[in-house]
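Where a number appears in this text, it was derived from the coordinates with a stated rule and is not lab data. Small disclaimer: the values here were computed from a predicted structure and weren't measured. Counting neighbours? That spans all protein chains shown, and the Cβs are built from the backbone with ideal geometry, glycine included.
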Amino acid sequence: MNARSGGLRIIGGTLRGRRIALPANAALRPTPDRVRETLFNWLAPVMPGSRCLDLFAGSGALGIEALSRGAGTVTFVEQDPATARSLRATLMRLGLDAPVWEGDALAFLGKQEAGSFDIVFLDPPFDAGLMAPALALACARNIVPGRGFLYIETRRDNPCALPGGFRWHRQGQAGQVAFGLAVHEE
């Protein structure tokens, strides 16, 4: 069953096996199951109680997986109104209470206080040119405290440079996707 016809499944935690519906008209590129499983295995020691931000949320797969695995809070940011409505419906159907901020991700970052999130998921549309400005703004606003994490997903042939103060904790590749977990050094 492909992601379009059956949605995405939650890999682990309290919602394991549940499905996330994808809006039929959305041009989403959800993080593959295999990548999510690897990422959340990496994050397992720090996930319980963490404050997460799913920027460029799309289907919400990353944030919902985080909630399923014990995150304290997840804030979702999605610019497309139809996709944001679908995400809200999915959260309600799954019995999850999490805010969905509808609007520009960079504008959202510009309003955040230092140390607002322990883990930030950055998976913007590959061709939108949003990764570099999102990283720069997240760092300028210092929204991830020392020892916090940035999850970064890019096209394999277009990796990104880490901002100052961050180092790669773990990295991987799957198909045409490069992904990594960067830690904010104290």
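If you place +1 on the Cβ of every Lys and Arg and -1 on the Cβ of every Asp and Glu, how big does the dipole about the Cα centre of the chain come out, in debye to the nearest 20?
Details: 20 positive and 17 negative charges, 115 e Å.
Dipole about the Cα centre, nearest 20: 560 debye.
Would you please state which residues of region 155-186 a label at Ala132 would reach in this model, taking the label point 7 Å out along Cα→Cβ and a backbone N cut-off of under 15 Å? Inside the label zone: 155, 158-164. Quick one: helix 131-140 against the long Cα principal axis of the chain, what's the angle to the nearest 10°, folded into 0 to 90? Around 60 degrees separate the two axes.
Which of the GluC sites (Glu not before Pro) found in region 93-181 are in a DSSP loop and have at most 16 neighbouring Cβ atoms, other than their own, within 10 Å?
On the way: sites: Glu102, Glu113, Glu153; in loops: Glu113.
Those satisfying the criteria are Glu113.
As a proxy for reagent exposure, Glu65, Glu185 were ordered by neighbouring Cβ count within 10 angstrom, fewest first; the result is Glu185, Glu65. Considering only beta bridges that DSSP places wholly inside region 3-184, some 55 percent are antiparallel.
Taking 0.36 nm per residue of sequence separation and removing the Cα-Cα distance, the Gln173/Asp157 pair yields an extension gain of 4.7 nm. Per-residue Karplus couplings for region 78-85, computed as 6.51 cos²θ - 1.76 cosθ + 1.60 with θ equal to phi - 60°, are listed in order as 9, 7, 6, x, 5, 5, 5, 4 Hz, Gly and Pro entered as x.
Among Trp42, Trp168, the order by Cβ neighbours within 10 angstrom, fewest to most, reads Trp168, Trp42.
Cα centroid separation, region 120-186 to region 67-96: 21 Å. Put simply, the amide H of Phe166, placed in the peptide plane, has neighbours under 5 Å in Glu185, leaving out anything fewer than 5 places away on its chain.
Against the chain, whose longest principal axis is taken from its Cα atoms, helix 33-43 shows a tilt of about 50°.
Hey, what number do you get for the chain at 222 nm if only DSSP H runs of n ≥ 4 count, each worth -39500 (n - 2.57), divided across all residues, to the nearest 500?
On the way: 6 runs with 52 residues, N = 186.
Mean residue ellipticity, 222 nm, calculated: -8000 deg cm²/dmol.
Take every pair of alpha-carbon atoms less than 8 Å apart whose residues are at least six positions apart; their mean separation over the length of the chain yields a relative contact order of 17 percent. Modelled label positions at Glu185 and Arg16, each set 7 Å beyond Cα in the direction of Cβ, lie 3.7 nm from each other.
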